[in-house]
1. Scan segment 75-100 residue by residue and report those that are within 11 Å of P124 (Cα to Cα) and in contact (Cβ under 8 Å) with a residue 40 or more places away in the chain.
2. Return yes or no: is S378 within 26 Å of D209 (Cα to Cα), assigned to a loop (DSSP other than H, G, I, E, B) and of a type in the set (G, A, S)?
3. If F11 satisfies every condition in (1) surrounded by 14 or more Cβ atoms within 10 Å (Cβ to Cβ); (2) modelled with pLDDT under 95; (3) assigned to a helix (DSSP H, G or I) but one, which is the exception?
4. Considering M217, M175, M164, which residue is within 26 Å of S256 (Cβ to Cβ) and at pLDDT 95 or above?
5. Say we look at segment 235-261 and pick out the residues that are under 20 Å from P29 (Cβ atoms) and in contact with a Lys or Arg (Cβ under 7 Å, 6 or more places away or on another chain); which of these is surrounded by the most Cβ atoms within 10 Å (Cβ to Cβ)?
6. So, of the residues in segment 262-314 that are among the small types (G, A, S) and in a helix (DSSP H, G or I), which turns out to be surrounded by the fewest Cβ atoms within 10 Å (Cβ to Cβ)?
7. Quick check, is L266 within 13 Å of the chain's Cα centre (by Cα), closer than 17 Å to N37 by Cα and not charged (D, E, K, R)?
8. Quick check on this structure: which one of M217, M164 is buried (at least 22 other Cβ atoms within 10 Å of the Cβ) and without any contact (Cβ under 8 Å) to a residue 60 or more places away in the chain?
Amino acid sequence: MKKLSLLTFLFCFLTLSLTALDDGLAKTPPMGWNSWNKFGCDVNEKMIREMADAMVASGMMEAGYRYIVIDDCWQVGRDKEGNIIADPERFPSGMKALGDYIHSKGLLFGIYSDAGTKTCQKRPGSRGYEFQDARQYAAWGVDYLKYDWCSHGEQNAKASYSLMRDALKAAQRPMVFSICEWGTNQPWTWGADVGHLWRTTEDILDCWDCTTDWGGMGWPLILDKQVGLEAYSGPGHWNDPDMLEVGNKSLTMEESKAHFSLWCLLSAPLMAGNDLRSMAPETKAILTNPEIIALDQDPLGKQGTKVRDDGEFEVWSKVLADGSRGVVLFNRGPSEARIAFSWTEIGYPVRLSAKVKDLWLHKELGKFKGGFGATVPSHGVVVLRVEP
């Protein structure tokens, strides 16, 4: 691959770094699938092609999912010119052919790298090769880059991610840029000028509320850390509480419904992390519920907020573009319980008459004044749309 001259490199860097990120991408939170949560390093060309097929056949694509993202472990080294090399045994047709196949399905192609010298699984990172890697991704037809933060040494996070932002711009192919920096340097304070989404915490785990010594955690603990970040999220720049664990082994169906519902209320990117080829009907119903997805994809792009916290019982609300509200009643407790809220808590006058619809039952519940309440299952949710 032809290398950029030093003068060209400096011109691109100095020119592009002066411009904020406003490229029209990710105006609503990106939706797709990522290999990591289910498969880890066990990725290969055959599986990725099958996942693209399954995204179409399952109805996921019709529901709005577009990106097929290969996470860590696809790369094995660099050639004598420094070009990144995909594992020839696992990806014998090469990344360009795989991207072409994904595109032929009407889907978009995503890939993974790292701002440090090595990825989290000790594969080659992009440090020192940012512009070269970005040009390679563009040549392969990549539409989405997840960029991790392992082996970063003393690097400055904002500068490191800004460098890859500029490299992606110089490659002249539109790519959604996912900042996977784990929230350690408060990327929400600088990410809108650098990427389209930024991780706010360490990795999500397939569990209700477990933790690890390295910082991974179950989704309710991640949810807690989103409170206070609402002002930083909006069209083209999203807080990212990490990928979905819906359909993996450890969550109950009620916990999975709650996980998906609250991610949608947060305007979070929706990156499925299960095996799309063998989804249970109940899992498919969760991931493709059009009325819940509509909360996530609402064009106003306003992140939902927690409006009441009574310990085990919470009320979350989201302002929608048409003036209505999405409301999630969340029960963290061990038994079902009734949770109620008032109109004033969601920004309506108490005397207002409003229609209420249950978005999991797909049922109009009637008109109410002053507020509403419902019985919520243990570790579950009731999700409502309240419309004046």
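1. Matches in segment 75-100: Q75, V76, G77, R78, G82, N83, I84.
2. Values: within 26 Å of D209 (Cα to Cα): yes; assigned to a loop (DSSP other than H, G, I, E, B): yes; of a type in the set (G, A, S): yes.
Judged against the criteria, S378 is a match.
3. That leaves (1) as the condition not met.
4. On the way: M175 fails: within 26 Å of S256 (Cβ to Cβ); M164 fails: within 26 Å of S256 (Cβ to Cβ).
Only one candidate qualifies: M217.
5. Among residues in segment 235-261 that are under 20 Å from P29 (Cβ atoms) and in contact with a Lys or Arg (Cβ under 7 Å, 6 or more places away or on another chain), the one surrounded by the most Cβ atoms within 10 Å (Cβ to Cβ) is D240.
6. So the first thing to find is which residues in segment 262-314 are among the small types (G, A, S), and the list is 267-268, 272-273, 278, 280, 285, 294, 301, 304, 311.
Keeping just the survivors that are in a helix (DSSP H, G or I) gives 278, 285, 294.
On the way: S278: 9, A285: 13, A294: 15.
This residue is S278.
7. In short, no.
8. On inspection, the qualifying residue turns out to be M164.
The values are calculated or read from the model by the stated rules, or taken from the named source; none is laboratory data. No experiment lies behind these values; they were computed from the predicted model shown. Note that each Cβ is placed from the backbone with ideal geometry, even for glycine, and that neighbours are counted across all protein chains shown.
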